[in-house]
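What follows draws every value from the coordinates through simple rules; no lab data is involved. Here the structure is a predicted model, which is why all the values come from computation and not from measurement. Cβ coordinates were reconstructed from backbone atoms using ideal geometry, including for glycine residues, and neighbour counts include every protein chain displayed.
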Amino acid sequence: MTVDPRVKEVGDIRTTHLFDMVVDLDPRLPIGTGPFGHRVLFGAAGGTFHGPRLQGDVLPGGGDWALFGPDGTMRLDVRLTLRTHDGALLHMTYGGRWATPPALRDAMSDPAERCRIDPTRYYFRTNPLFETGAEPYAWLNDTVCVGSGYLVEGGIAYKVSQVL
């Protein structure tokens, strides 16, 4: 097969660490099984984020309107509000996928066990985007990020990187 001559070298995708975030979760609200799968709301009860250029708190009130497919893959639909250490508000949204191998599903459903599972054994990736009117953080409005998620006691955690 011939390579299309319009294809150009654009360089490798590079990233840099933006922040680590822990989101404390309210008890899940099972919305039920509908035409697209089983919908569950994981409400955000608070949390924190810390990185070299950003730090602050995750405000209560956001959440993940997760959709579980028949194959066990969770499709994320997350909206959060972050307050930086200096009082700026950031609207953070992301989708993503969380795929758990069948051999881990029983352990993941056990609250006492799920946080002990090595996160390299499942696939949990996100694509955070930001919106803010705060001038010191306006650079986030044009920033694409990627994140890796994992379970922690009482919630979820992410390592978020900025795509350069």
Of all chymotrypsin sites (Phe, Trp or Tyr not before Pro) in the range 6-49, the ones in DSSP coil with at most 15 other Cβ atoms within 10 Å are Phe36
Extend 7 Å from the Cα of His91 along its Cα-to-C-beta direction; within the range 121-164, residues with backbone N under 13 Å of that point are 129-134, 141
Subtracting the Cα-Cα distance of Met1 and Thr16 from 0.36 nm times their residue separation yields 1.8 nm
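Could you work out the per residue convex hull volume over the alpha carbons of the range 15-163, in cubic angstrom?
Measuring per residue, one finds 111 Å³ for the Cα hull of the range 15-163.
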The range 34-133: relative contact order from alpha carbon pairs under 8 Å, six or more residues apart, as a whole percent, is 21
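How high is the FRET efficiency from Thr33 to Cys115, r the C-beta distance, R0 25 Å, rounded to 0.05? Mind showing how you got there, number by number?
Numbers: r = 27 Å, r/R0 = 1.06.
Result of the calculation: an efficiency of 0.40.
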